[in-house]
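What follows is calculated from the coordinates using simple rules that are stated; it is not laboratory data. The model shown is predicted, which means the values in this text are computed figures rather than measured ones. Cβ: placed from backbone, ideal geometry, glycine included. Neighbour counts: every protein chain shown.
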């Protein structure tokens with residue numbers, strides 16, 4: 001499997017509402033439930049005011065579009081990373097899966113994925 005490393009540093013935050021969220025930002029993932037609104041975006045585009053904020057994430061994604069019938073892709077990647085003691089923040093979109101790791105563990109994460117037979121490509 002090929003993973004693509006996305007350029008830039010990301011922030012994960014929780015907001016009380018969408019006021020101040022830059023919906024035109026090049027990377028923006030919004031998760032809204034009955035209990036919270038979470039955002040993942042490039043740190044430079046993070047809202048100025050948030051209820052909680054965690055900076056210092058790097059991201060990579062499974063290359064290409066994944067069919068909904070595919071099983072175990074995220075589980076396989078996350079298992080390899082968990083066995084190497086790399087914590088993740090996972091996201092899924094219609095097309096593919098994204099994994100965020102803290103920036104100080106990115107090199108380790110990519111090395112263990114390559115050791116497990118995955119191809120790593122740097123974007124940007």
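A few points about this structure:
- Euclidean distance between Cα centres, region 69-114 to region 10-65, Å: 18 Å
- For the chain, the relative contact order is 33 percent, taking Cα pairs closer than 8 Å that sit 6 or more residues apart in sequence and dividing their mean separation by the residue count.
- Stokes-Einstein D in µm²/s, Kirkwood radius over Cα pairs - the chain at 20 °C with 1.002 mPa s viscosity: 141 µm²/s
- Neighbour-count ranking [beta-carbon atoms within 10 angstrom, fewest first] of 19, 49: 19, 49
- In the chain, the DSSP-assigned H stretches of four residues or longer account for a calculated mean residue ellipticity at 222 nm of -5000 deg cm²/dmol, using -39500 (n - 2.57) per stretch and the full residue count as denominator.
- Computed over the chain with a Gaussian network model linking Cα atoms closer than 10 Å, the most mobile of 51, 110, 42 is 51.
- Across 37, 99, 88, mean-square fluctuation computed from a Gaussian network of the chain (C-alpha pairs under 10 Å connected) peaks at 37.
- Exposure proxy order (Cβ contacts within 10 Å, fewest to most) of 38, 115: 115, 38
- Relative to the longest principal axis of the Cα atoms of the chain, the long axis of helix 73-83 makes an angle of roughly 80 degrees.
- The angle between the Cα long axis of helix 106-115 and the main principal axis of the chain comes to about 30°, on a 0 to 90 degree scale.
- With Cα atoms as the point set, the radius of gyration and Dmax of region 75-118 evaluate to 10.2, 29 Å.
- Listed from fewest to most Cβ neighbours within 10 Å, the set 27, 122, 57 follows the order 122, 27, 57.
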